[in-house]
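As structure tokens, the structure follows; a few thoughts come after it.
The values are calculated or read from the model by the stated rules, or taken from the named source; none is laboratory data. Please read all numbers here as calculations on a predicted model, not as lab measurements. Glycine gets a Cβ as well: all are built from the backbone with ideal geometry, and neighbour counts include every protein chain shown. When the accessible area is computed, the model is the full protein with side chains, heavy atoms only, and any ligands, DNA or RNA have been set aside. Shrake-Rupley method; radii C 1.70, N 1.55, O 1.52, S 1.80 Å.
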Amino acid sequence: MSVLVLILAVSAACCLGFGFVLQQNAAQQAPLSDFLSPRLLLDLMKVPRWLGGIGLMVAGMILGAIALGKGEISLVEPLLATNLLFAFALSRHQTKHKLSHQGATGLALLAGGVTMFIVAGQPRSGTAVDSPLRHWLIIGVMLGSALILTTYAKRSRLTWAPVLLALAAGLLYGVQDALTRVSGQRFGAGGLTDVLTGWQPYGVLVLGVTGLILVQSAFETAPLRMSLPALTAAQPLAGILCGVGFLGDQLRTDTGALAWEAAGLAAVVVGIVLLGLHPAMPRGMSKESTARDLQPH
């Protein structure tokens, strides 16, 4: 594993984790009439804390894109999932909660699961699949699943909506990471002209904006502990599926390796859930301050 890819991916996870906490602090104050509306982003642009969180997220996405350009998506995605470790650290600083056995177990499972998956799977590059049908089939399944989740979230509003929206956003971000890697490969092969003549960079932009609206709507309606674990778990799983499905990433497939890879991914998901449910994860600010904090200064 490249040390540079490791540093880039972990740095990206750090920026993303800190950025998500700041965004949720601000989004919790937004009016519920903005739910799943582009107006939500316009209102949040008036909140300095949210802008800071977005700045960190953009920095994380840039670092992640560079990591994806230099390493396999099946390697980078599990490392990006460690953003929850950094979100948890900032949340503990804000809430002053103790780590507890639950937090320590979650940290160990997440970090250990990522390590287990990478060591057992030994992700490496291969030959990308040329079949457009396979590309669109996998992408279609991801986008279709996200659409279904969003539809049910809109109906359920404040009950399961945050979890469903976060899952949908995670699927979109996983596909976005795959398209980011394809765009990087096109840039390396033919320069900027080759990138701009393909549909992938425009897909990255559309998925990014759509995912942002879904995430902020999830942050708006519930504590971070209900949304961030689902987002953090769905994104690497979708990214790995795209990487192995059509980008040519290869993992070890002998019985022992597959068992350890599955165990590693399971540990990652369980660790994410334990950390997400920890009392240290913030509940956000009260609605009483919404009107004041969303006014222009």
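Numbers for the structure displayed
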| read-out | value |
| --- | --- |
| Matching residues in region 132-146 - criterion: being hydrophobic (A, V, I, L, M, F, W, C) and either surrounded by 12 or more Cβ atoms within 10 Å (Cβ to Cβ) or in contact with a Phe, Trp or Tyr (Cβ under 7 Å, 6 or more places away or on another chain) (or both) | W136, L137, I138, I139, V141, M142, L143, A146 |
| Residue match in region 221-228 (condition: over 13 Å from the mean Cα position of the chain (by Cα), buried (at least 20 other Cβ atoms within 10 Å of the Cβ) and not in a helix (DSSP H, G or I)) | yes |
| Search result, residues across region 1-33 that are open to solvent by less than 30 Å² (accessible area, probe 1.4 Å) and under 18 Å from P223 (Cβ atoms) | G17, G19, F20, V21, Q23, Q24, N25, A26, A27, Q28, Q29, A30 |
| Count - residues of region 150-181 that are surrounded by fewer than 24 Cβ atoms within 10 Å (Cβ to Cβ), more than 15 Å from the chain's Cα centre (by Cα) and of a type in the set (A, V, I, L, M, F, W, C) | 2 |
| Close pairs (8 angstrom Cβ cut-off, 6 or more residues apart or separate chains): modelled with pLDDT under 85 in region 186-208, not in a helix (DSSP H, G or I) anywhere | R186/G198 |
| Tally, over region 121-163, of residues that are within 26 Å of G264 (Cβ to Cβ), in a helix (DSSP H, G or I) and in contact with a Leu (Cβ under 7 Å, 6 or more places away or on another chain) | 6 |
| Residue that is nearest to the chain's Cα centre (by Cα) [pool: residues in region 84-106 that are open to solvent by 50 Å² or more (accessible area, probe 1.4 Å) and under 16 Å from G271 (Cα atoms)] | F86 |
